[in-house]
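Shown next, in structure tokens, is the structure this report addresses.
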Amino acid sequence: MTPARVAVAATVNGRARAFEVEAHHTLLESLRDDLGLTGTKECCLVGECGACTVLVDGRSVDSCLMLAVEADGATIETVEGLAGRAGLSAVQAAFLDTGAAQCGFCIPGQLMSAVALLADTPHPSRAEIEEGLAGNLCRCAGYEQIFEAVERAADAVAPARARTAEPRVDVAAIPDAKVAPQ
């Protein structure tokens, strides 16, 4: 017996889309397989890595944890929707300028989390950036460049902001008693 398919209508990257999905398919599966939007990466499938992060009605969501049918009527933005006619978005340009995009596998999710963070907090502190991207893992360990990219993007979007200078601390040099008791 063929699984039942369910009609879904959503706005994806600014365009009205109607498609049918199997009731048990995730939003990740539907974006990649039904709509051909392969920029959203499939990785852990349990919401741990953030590679599949997309924006649903402006909120960052691990698309591997959301059923596609739950997106009916929603506005979805994927990494493919970031660049406009004028070229790369400020966030994308900042990631390139700082060398944050290394292997590129985690970058779509990192970009989408950064966009969500900057929408909610246009002038984030370094701690807010780290917290805002905490759900995104980078296997290349390019976190410093990624954090710098978000700072640069925030400056590009809102250059007149008053960023409070935070001291740069090499956290690798500080022993953590819980991890490595002295």
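Computed quantities for the displayed model
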| quantity | calculated |
| --- | --- |
| Search result, residues across the range 84-111 that are among the β-branched types (V, I, T) and under 23 Å from R59 (Cβ atoms) | V91, I107 |
| Enumeration of residues in the range 121-147 that are among the charged types (D, E, K, R) and touching a helix residue (DSSP H, G or I) at 6+ places or on another chain (Cβ under 8 Å) | R126, E128, E130 |
| Unmet requirement for S63, which otherwise passes all of (1) surrounded by fewer than 23 Cβ atoms within 10 Å (Cβ to Cβ); (2) in contact with a helix residue (DSSP H, G or I) (Cβ under 8 Å, 6 or more places away or on another chain) | (1) |
| Some residue of the range 84-95 being surrounded by 19 or more Cβ atoms within 10 Å (Cβ to Cβ), touching a Phe, Trp or Tyr at 6+ places or on another chain (Cβ under 7 Å) and touching a residue at least 24 places away in the same chain (Cβ under 8 Å) | no |
| Unique residue being touching a residue at least 60 places away in the same chain (Cβ under 8 Å) and over 26 Å from Y143 (Cα atoms) when the list is T75, T53 | T75 |
| Residue within the range 97-104 that is more than 23 Å from L137 (Cβ to Cβ), part of a loop (DSSP other than H, G, I, E, B) and not aliphatic (A, V, I, L, M) present | no |
| Check on V46, buried (at least 17 other Cβ atoms within 10 Å of the Cβ) and farther than 26 Å from E151 by Cβ | no |
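Coordinate-derived values only; no laboratory data. All of these numbers come straight from a predicted model, not from anything done at the bench. In this analysis, Cβ positions are derived from the backbone assuming ideal geometry, glycine residues included, and neighbour counts consider all displayed protein chains.
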